[in-house]
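First comes the structure, then the notes that go with it.
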Amino acid sequence: MSKKILIISGSPRKNGNSELLCGRFASGAEEAGNQVETVFLREKTIGYCLACDGCQRNGGTCVRNDDMADVLGKMKSADVIVMATPVYFYTMDAQMKTVIDRTYAGSVDVKDKDFYFIVTAAENRQAMLERTIEGFRGFTSCLNGATEKGIVYGIGAWKSGDIKESPAMQDAFELGQSV
Ligand SMILES: Cc1cc2nc3c(=O)[nH]c(=O)nc-3n(C[C@H](O)[C@H](O)[C@H](O)COP(=O)(O)O)c2cc1C
């Protein structure tokens with residue numbers, strides 16, 4: 001059955017390592033007959049959650065008028081959400097964390113989703129990326145019916161494009177195919 005897949009690419013680097021892995025995941029998923037949309041956070045203006053609770057009082061509309069309403073709408077309507085981030089100081093980047101915080105306005109409707117995580121780092125030790133993955137799990141543990149389905153570990157990638165030499169490119173393609 002064709003699934004609606006939303007890829008959220010969190011890197012500020014155009015054609016960077018995580019973005020390249022997002023592309024491989026998308027190619028695999030499209031080849032398998034799914035519908036894929038990629039949101040590049042580097043193209044979006046999304047401010048921090050203000051913790052004003054305005055959204056809790058007015059039916060889930062954030063007081064901030066920026067690109068997050070559109071991203072949240074896409075998250076709600078997707079069957080599958082792929083979250084991709086570079087590792088910054090052994091956790092996700094601020095762009096991705098900001099999106100997660102802003103789902104506060106409607107995370108109750110981000111329900112029954114399958115999740116995939118894509119992480120890239122200069123680091124060669126895969127275990128050192130677990131803190132970043134645990135950050136994603138902190139988010140999915142707050143959602144109803146979230147299922148973690150797979151992870152691409154893009155280790156050993158420092159400069160933009162280094163990931164092209166990594167088996168993670170094939171891992172991402174195959175994981176996309178398997179959705
Ligand atoms: C601000 C900053 C912090 C970083 N922190 C780490 C880190 O803690 N561990 C690591 O292995 N790589 C770190 N890196 C390297 C990136 O994770 C690496 O270059 C990654 O491939 C970037 O992915 P991208 O090309 O998708 O942006 C950092 C890079 C930047 C710019």
Does residue 50 meet the test of being within 15 Å of the chain's Cα centre (by Cα) and either of a type in the set (Ser, Thr, Tyr) or surrounded by 13 or more Cβ atoms within 10 Å (Cβ to Cβ) (or both)? no
Give me a count of the residues in region 4-46 that are farther than 19 Å from residue 165 by Cα and either more than 16 Å from the ligand (Cβ to nearest atom) or surrounded by fewer than 21 Cβ atoms within 10 Å (Cβ to Cβ) (or both). 21
Of the criteria (1) among the hydrophobic types (A, V, I, L, M, F, W, C); (2) surrounded by fewer than 18 Cβ atoms within 10 Å (Cβ to Cβ); (3) more than 17 Å from residue 147 (Cβ to Cβ), which one residue 1 fails: (3)
Which of the residues belonging to region 72-90 are in contact with a helix residue (DSSP H, G or I) (Cβ under 8 Å, 6 or more places away or on another chain) and either surrounded by fewer than 18 Cβ atoms within 10 Å (Cβ to Cβ) or more than 26 Å from residue 130 (Cβ to Cβ) (or both)? 72, 76, 88, 90
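Every residue, every condition in (1) touching a residue at least 24 places away in the same chain (Cβ under 8 Å); (2) within 21 Å of residue 143 (Cβ to Cβ); (3) touching a Leu at 6+ places or on another chain (Cβ under 9 Å); (4) among the aliphatic types (A, V, I, L, M), yes or no:
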site	(1), (2), (3), (4)
2	yes, no, no, no
25	yes, yes, yes, no
31	yes, no, no, no
58	no, no, no, no
63	no, no, yes, yes
98	yes, yes, yes, no
113	yes, yes, yes, no
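Where a number appears in this text, it was derived from the coordinates with a stated rule and is not lab data. This one's a predicted model, so the numbers in the text were calculated from it and none came from an experiment. Ideal geometry is used to build each Cβ from the backbone, glycine not excepted, and the neighbour counts take in all protein chains shown.
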